[in-house]
Structures are given as C-alpha cells and as structure tokens.
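A.B. asks: My questions will all concern the structure given below.
The values are calculated or read from the model by the stated rules, or taken from the named source; none is laboratory data. If you're wondering where the values come from, they're calculated on a predicted model, not measured in any experiment. With ideal geometry, Cβ positions are generated from the backbone for all residues, glycine too; neighbour counts draw on all protein chains shown. Side chains are part of the model used for accessible areas, which takes the heavy atoms of the whole protein and leaves out ligands, DNA and RNA. Shrake-Rupley method; radii C 1.70, N 1.55, O 1.52, S 1.80 Å.
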Amino acid sequence: MSVSRAASRALALALAPCLALAAPAAGAGEAAPPGPPARVVSINLCTDQLAMLLAAPGQLVAVSYLARDPRASTMPDAAMAHDITYGQAEEVFLRRPDLVLAGTYTTRATVELLRRLGVRVEELPVVESLQDVGTQMRAVGRLLGRPAEGERLAAAFEAGLAALRREVARRPRAALYYANGWTGGRASLAGEILAAAGFANVAEAGGILPLEQLLLARPELVITGEPYPGASRAEEILAHPALLPLRREGAIADAEWVCGLPGVLKAIARLGALQAEVAR
Amino acid sequence: MNRAVLPLLALLVAGLFLGSLLVGPAALGLGESLRALVAGGQERDAVALVMQEVRLPRALLGLLVGAALGLSGAALQGFLRNPLAEPGLIGTSASAALGAVIALQTGLAAAHALALPAAALAGAGVSVALVAAIAGPRGGALTLILAGIAVSALAAALTALVLNLSPNPFAASEIVFWMMGSLADRSMLHVWVAAPCIGLGALLLATTGRGLDALTLGEDAAEALGVNLARLRLAVVAGVAAAVGGATAVAGAVGFVGLVVPHLLRPLVGARPAALLPASALGGAAMVLAADIAVRLIAPDRDLKLGVLTAIVGAPFFLHLIWRLRARLA
C-alpha cells in the first residue's frame, strides 16, 4: 500500500465517527448482504477457532492475537497462517471486513464503533453447556455461508460426546479452581465437562470460592489451570500449601475448555482417565 | 508515663488476634476452631487445615505488618522530629512495593527465597535514605512531604509500569494490591518471608530509643549527651527499611498506620520517643488486625483492601494534623 493511500485511509478512518454521526446508521440498518461473506474478521478467541475450522480458503482475513497463544488456543499453528488483530476497531476496520465475528463479552466500545462504521458485526454468546457446543458450530457455519460444514463439525462432536459417556461406580468430589479463587459451577461448560468425566463438582454455582470454603468442601481433587509466566498474586492462591496435596495442575489444558470446540472431547477423555485413577 | 498503657495494648492485640482467627467466610464454631488450631498429625482434618494454613498466617501477618508499620512510624517521627513522617506518606512503602514487584516479575523471587524480602528492603532503604537526606532532622514539614510525594509517585508509577509489562495477564490488576495492601489468602510461606525481616528491623529500631529521646533536645544537645547521630541515622534508616520492606513484600503498601498510631498514643505515654516505640508497635498491630477483621466483615467475598480502611481513618486525621500545623505557623 502506498504511503498516500495509507494516509488517506487513515484520514477517512479518523473522520469516520463524525461521518457516522452525521449520517446515522449508514449501512448499519441494511440487511445482511446476499451470499456468503467474502472477508471475515474474528475478534474473539472462540469464534477465531470455529471460523478457522469452518471457513472456506481465503474467506477468513484475520483472527485475534489470542488464537496464536498456545495457552489459550487449541489451534495456534493454524492461526499462524492468518493475519492477526488486537481487536481494536481501527485495525479491524482497515481490513475492510464484510462480517466481523465477536463474542458477547468483546469490548462493547469496539463492537459499537464498528457498527457505526457500517460493518456487520455478529456476536456469539459464551458457550455454557455441552449442548451449546454443537449449536454454536452450526451457527458459525450458517454465518459463514457454510451450513454443511457447520453441520458436519457439530454432528462429529455430538457423536464423539455420545461415545465418551459411560457409567461410573463412584463420583469423586472435585473442584475447579482458578486464579483469584474463582471456581466453575455445575451450570457451565467446565462444570459439564467435569460431570461428563464422572466427577461430582463440590461447587454448585460458579464465582469466587474462598479458600477456606473450598477446603471445608473436602474435595478429593482440585483441578487448576497452568500458571502464566511472570508472577501474580492472583495465581499464588493455587500454590497455597493447604491445596498442594489435592491439586492437579494442568490436568486439563486451559485452551481445551474455554471454548466450545472439538477439543472439549479431549478434555473429557483426559479427565475421565483421571477419574478412573482417583475413584480407585 | 502511664504504666498501664503497654499491658492494656497487649491485651487489646491479643483479643484482636483471637478475633482475626475466628472471622472468616467459613462459619466455624468457637470451640471447634480453637481445637482445630492445635490439632496435629493424623487428626488434621479440613477444619484444622483452614485454621492452621489459612487463618493463622493471616492473623500472624496482621500482627507483624501492623507492628512493623507502627514502630516505623514512631521511629521516623522521632528521628525526623516531624509529626507528618510515616512510611506510607514518605514513599517507603511504595518503594518497597516496587522492589518486591521487580523481584517477583523478574523471577528472582522464585529463584531464591531471600530475593523477595531483600528487594523490598532495598527499595524501602533507598527511599528512606533519600528522604532523610533531603528533609533531614532539621528539615521542615514541607520538604519532608514534598520529597515524600515525589518518591511515592515515582515508585507507584514504576510499579504500575512493571506490572503492566508483565507477561502475566493477572499482574496488571494487582496494581491495587501493591498500593492498598491486603492479607487475603496469604500462607505460612509469607510469614516466613516477612517475619525475619520485620524482626531484624524491630531489633534495630529498639536500639534507637535513647538516641531519639536525646534528639528531642536538639542535635547539638544530643551530641553533647554522647549520641552518635550518624549511627542513629543508620539504625533508623536500616530498621525502617527492614521492617517496612518485610511487611510490604507480603502485604502490599498499607498506609497511614504509622501516622495515626503514634499520634494516638503519644499523649498516653508522654512525649518520650523511647516509650512511644513499643507502644506504637502494639498499637499498629491492633490497628491492622482490626482493619483486617473489618475488611472480612464488611465485604466477605470481595477482598476489600486493607489500605482502604486505614486511609478512611487516616486521611481525615492527616488533614487535621495539617490544619493544626497551619494554625501554628500562622
């Protein structure tokens, strides 16, 4: 791109909010363009990975930088083939997307600014159950104009899930414990993964579970994430001496259960093996 | 001096220490929890684990951190002969936090057990030495406060910078902890980090009593009485650095304790710094233990920071002091 074109593009972008104010909903009110979107940008880790699984070659222009982080993403290598953004409206807009995939927790200001600039933004909710996983796979397939691929991915997931279901003689008490003392309740994707693997979750609802209450709930196993590099007080609680004998660090890779992806099956299989070990 | 002051303060601290052990999100019976505290070996059930590994370190740290801050405040006020001297206000706590954060984020703290308190001590030491050099025993309140503002602003900014640049996604949100302080979910490991440092600082500061008493007569009179001012300065600087460094490395920067406590106790023990030192140590322990109990009662599941409560009590007090100072100068 020549310097002058880049400059004029930047100027247009700088002016865009004013223009959008002057002519509200320039394009925002239009119906979705006919035919599958040709330039898709994803700015959410979960939609990144679903789009990489489902998009046609060349259809996905950019994913978020998190998709390349092996800690958060199950597909860091695939993400290397795509351009990345840090999810700021400016960089997303400059890639001229005709569809932006975002999560409902993506920065509100970014989503709203993009919409005012006339970009079609589709927000996908956080997956909160195993049931939602297939639903979201189909939804992203439809948004990308590839419903057959979405259906195939969802069907494969559901078949894999059915194959993993098994009867267990005893459900060991387990807790999910994350930085800052957060726990995953039963009605969450992580909670359902735990249950599917044959554990009983000591926490009914998710949220902050004080260390004292976690200890008093007498879990047989405490499953924690892998610590990040650098140090933080938030993660220090996971290394508390009182938790050490119960803790299994990184029994599950964080990437495998933050999003509703095929990787969820791997998480269930791995936790199932752990269950067999603990229940003995 | 009122002879009953020290025993009464000790009694208060003991009561608050017990209270700290008994307050927590898990509702445990009085007898049950106290029995669990001394249970050992095979009987260590979940309640024992909670009492010994969660609540005991928290109460011990409240005691240690409070004593360190109260003692340091009294020593600094005596040495600088300035009622506004306080580890939080002159930037000692903020600099100790900077040292601790650097040790944690560079991985030094994980590599060597002594690196964390040593770095906090170094941070605190540099700031006390700097402020003592700028303001000095002869310096007025204004130079002291201005130097303190500059040092704490710089240290706080650098702390925020280091945390923002950390590869750890949680680090940046912990800027608040390092500036406000908290005792939540600390373990015995933290007690072992803080205790030797604070103990060393307390020992050093305890030797300064006679010198500080003499200094109330002025520097020349103190020297005539045989007080070695250079040595006194070294003991105060090193003692405050060790005590505040140890406390801040594990609990973050808790402000105003060293300001409020010596002022409240001075009328009770008389104007002698030597008498004020032990009283302020006990008073500081009582204040931090009480604040830590209040934190858990007001917002049990929020990890409300200690500094919030000490500032709510301390800041109006500080304004009141400035007001009186202004009236005296006018």
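A.B. asks: Taking only Cα atoms, what is the 0 to 90° angle, nearest 10, from helix A:130-143's long axis to the longest principal axis of chain A?
C.D. replies: Roughly 10 degrees, rounded to the nearest 10.
A.B. asks: Taking Cα atoms, how many degrees apart are the long axis of helix A:45-54 and the longest axis of chain A, rounded to 10 and kept between 0 and 90?
C.D. replies: Taking the Cα atoms of chain A, the angle to A:45-54 is about 80 degrees.
A.B. asks: Where the only charges are on Cβ atoms (+1 Lys, Arg; -1 Asp, Glu), what is the dipole of segment B:1-148 about its Cα centre, to the nearest 20 debye?
C.D. replies: With only Lys, Arg, Asp and Glu charged at Cβ, the dipole is about 400 debye.
A.B. asks: Can you give me the % of accessible surface on chain A that is carbon or sulfur? Probe 1.4 Å, all protein chains present, nothing else counted.
C.D. replies: 58 percent
A.B. asks: Tell me, which longest segment in chain B has none of the trypsin sites (Lys or Arg not before Pro) that fall in DSSP loops with at most 15 further Cβ atoms within 10 Å?
C.D. replies: B:139-301
A.B. asks: While we're on this one: Pop a pseudo-label 7 angstrom from the Cα along the beta-carbon direction at both residue A:69 and residue B:217 and give the gap in nm to one decimal.
C.D. replies: 6.5 nm
A.B. asks: On a C-alpha basis, how far is the centre of segment A:76-111 from the centre of segment B:155-223 in Å? Whole number, if you could?
C.D. replies: Here the answer is 44 Å between Cα centres.
A.B. asks: In Å and whole numbers, how far do the C-alpha atoms of the protein assembly as shown stretch along each principal axis, longest first?
C.D. replies: 94, 70, 38
A.B. asks: On to the next question. Local charge sum around residue B:17 (other residues, Cβ-Cβ under 12 Å, Lys/Arg +1, Asp/Glu -1)?
C.D. replies: +1
A.B. asks: Tell me: how much accessible area in total is hidden between A and B, 1.4 Å probe, Å², nearest 100?
C.D. replies: For chain A against chain B, roughly 2300 Å² becomes buried.
A.B. asks: I've got another one for you. Helix A:147-164 sits at what angle to the longest principal axis of chain A, using alpha carbons and giving 0 to 90 degrees rounded to 10?
C.D. replies: 0 degrees
A.B. asks: For the residue pair residue A:273 and residue A:205, what label-to-label distance in nm results when each label sits 7 Å from Cα along the Cα-to-beta-carbon direction?
C.D. replies: About 3.6 nm, to one decimal.
A.B. asks: If Lys and Arg each add +1 and Asp and Glu each add -1, what is the summed charge of the other residues whose beta carbon sits under 10 Å from the beta carbon of residue A:240?
C.D. replies: Result for the neighbourhood of residue A:240: -1.
A.B. asks: Please list the helices of chain B that count as membrane-span-like by this rule: a mean Kyte-Doolittle hydropathy of at least 0.5 together with Cα atoms stretching 30 Å or more along the helix axis, each helix being a complete DSSP H run.
C.D. replies: B:56-80, B:141-165, B:229-251, B:273-298, B:306-329
A.B. asks: Segment A:218-280 to segment A:134-203: how many Å between their Cα centroids?
C.D. replies: Segment A:218-280 and segment A:134-203 have Cα centres separated by 15 Å.
A.B. asks: Looking only at other chains, what is the average number of their beta-carbon atoms within 10 angstrom of each beta-carbon in B:167-178?
C.D. replies: Per residue, the number of nearby Cβ atoms from other chains is 5 on average.
A.B. asks: Can you say what percent of the DSSP beta bridges in the protein assembly as shown, counting only those with both residues inside, are antiparallel? Round to 5.
C.D. replies: Bridges in the protein assembly as shown that DSSP calls antiparallel: roughly 10 percent.
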